[in-house]
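Nothing in this text is a laboratory measurement; each read-out follows from the coordinates by a stated rule. Just so you know, these numbers come straight off a predicted model, no measurement behind them. Cβ placement follows ideal geometry from the backbone for every residue including glycine, while neighbour counts extend to all protein chains displayed.
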Amino acid sequence: MQGVNIPKHVGIIMDGNGRWATARGQKRSFGHKEGSANVDKIVTHAFKRGVKALTLYAFSAENWARPKEEVDGLMKLLKDYLKKFAKKLYKSDVRLIVIGGREQLSNDLVKQIEEVEKKSENNKSAVLNIAINYGGRQEIVACVNKLIALNKEITVESISENLYTAVSGEVDLIIRTGGELRLSNFLLYQGAYSELYFTDVLWPDFNEEQFDKALSEFGQRKRRFGKV
Ligand code: IPE
Ligand code: IPE
Ligand code: MG
């Protein structure tokens, strides 16, 4: 990957767990388990490549509409992931931030989130944002309401500075696995000028090599930001 322009902030829509499991005659929950087991490999690799912020779409504000059993399973996997992350924090300099509305999450999960965030808040080498109960539209509405309550002017900058991702800033590259060509309410404001990379590979199969392919493609894109 030498000589390639590495994006500072990468977002990943980790899609395709359900289809991965169905293709193997298994329940969707099996796909979520495999998908969650794949997270650390990609996180470690992305930071090794020099990415400074990684935002992972784990559960959307719209995913509550899934069967309760599936939702409960996903919530448990998320809690387990955060617990494991907290345990390994002594060897890591990564700051973890959970983005999304907390009101609908269980007290247990919120406690776990707060613990990891607190323990890692002074970590400096990179930021890992996990999007749980996240929606881009909901985020913008909450942000604008906050600015109004604080009697602050609504500007492009004041919104950017008050989004959940204030620390990581705009997203340079959004990767979506699983073959769908849409954003599904992910980082709508931060992604105004993101490069988009779609792959048919299902999330449990997405590996380091595929991540590098996305980076190489990003390196070849000409970002103009409206200029010539
Ligand atoms: C992504 O995989 C994980 C979540 C949305 C929580 P899906 O569960 O959407 O898998 P597919 O798209 O049905 O294959
Ligand atoms: C997007 O995937 C959300 C996550 C990956 C967490 P979905 O599977 O929910 O998206 P749609 O329903 O296909 O748009
Ligand atoms: Mg999906």
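Residue-by-condition table, conditions (1) within 14 Å of ligand 2 (Cβ to nearest atom); (2) closer than 18 Å to Tyr134 by Cα; (3) out of contact with any Cys (no Cβ under 8 Å at 6 or more places or on another chain); (4) without any contact (Cβ under 8 Å) to a residue 40 or more places away in the chain:
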| position | (1), (2), (3), (4) |
| --- | --- |
| Met1 | no, no, yes, no |
| Pro7 | no, no, yes, no |
| Ile12 | yes, yes, yes, no |
| Gly18 | yes, no, yes, yes |
| Gly25 | no, no, yes, yes |
| Ser29 | no, no, yes, no |
| Thr44 | no, no, yes, yes |
| Phe47 | no, no, yes, no |
| Tyr57 | yes, yes, yes, no |
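Here Val10 clears all of (1) within 11 Å of ligand 1 (Cβ to nearest atom); (2) closer than 22 Å to Ser194 by Cα except the condition numbered (1).
Please determine whether any residue of the stretch 199-214 is under 29 Å from Asn145 (Cβ atoms) and free of Cβ contacts under 8 Å to residues at least 60 places away in the same chain. No - not one qualifying residue is present in the stretch 199-214. Number of residues in the stretch 182-193 that are within 16 Å of ligand 1 (Cβ to nearest atom) and surrounded by 14 or more Cβ atoms within 10 Å (Cβ to Cβ) equals 5. The number of residues in the stretch 31-42 being free of Cβ contacts under 8 Å to residues at least 60 places away in the same chain and either under 21 Å from Leu181 (Cβ atoms) or within 14 Å of ligand 3 (Cβ to nearest atom) (or both) comes to 1. Restricting attention to the stretch 1-28, the residues that are within 16 Å of ligand 3 (Cβ to nearest atom) and surrounded by 18 or more Cβ atoms within 10 Å (Cβ to Cβ) add up to 11.
For the subset of the stretch 160-181 comprising residues that are in a loop (DSSP other than H, G, I, E, B) and within 15 Å of ligand 1 (Cβ to nearest atom), which member is nearest to Glu121 (Cα to Cα)?
Of all residues in the stretch 160-181, those in a loop (DSSP other than H, G, I, E, B) come to 163-172, 177-181.
Restricting the remaining residues to those that are within 15 Å of ligand 1 (Cβ to nearest atom) gives 177-181.
Details: Thr177: 29, Gly178: 32, Gly179: 35, Glu180: 34, Leu181: 34 Å.
Selected residue: Thr177.
For the stretch 85-110, which positions are surrounded by fewer than 13 Cβ atoms within 10 Å (Cβ to Cβ) and without any contact (Cβ under 8 Å) to a residue 24 or more places away in the chain? Within the stretch 85-110, Lys87, Lys88, Tyr90, Lys91, Glu103, Asn107 meet the criteria. Considering the conditions (1) away from ligand 1 (no atom under 15 Å from the Cβ); (2) under 24 Å from Val94 (Cα atoms), Val156 is excluded by exactly one of them, (2).
The set of residues in the stretch 182-196 that are outside any loop (DSSP other than H, G, I, E, B) and within 19 Å of Ala58 (Cβ to Cβ) is empty. Of all the residues in the stretch 112-139, those that are of a type in the set (A, V, I, L, M, F, W, C) and out of contact with any Phe, Trp or Tyr (no Cβ under 7 Å at 6 or more places or on another chain) number 4. Whether a residue is touching a Leu at 6+ places or on another chain (Cβ under 7 Å), within 16 Å of ligand 3 (Cβ to nearest atom) and under 12 Å from Phe59 (Cβ atoms) was assessed, and Ile132 passes this test.
Applying the condition of being under 18 Å from Leu128 (Cα atoms) and of a type in the set (Gly, Ala, Ser) to the stretch 164-190 and asking which residue is nearest to the chain's Cα centre (by Cα) yields Ser168. For the stretch 117-133, the tally of residues that are surrounded by fewer than 24 Cβ atoms within 10 Å (Cβ to Cβ), not hydrophobic (A, V, I, L, M, F, W, C) and not in a helix (DSSP H, G or I) stands at 6.
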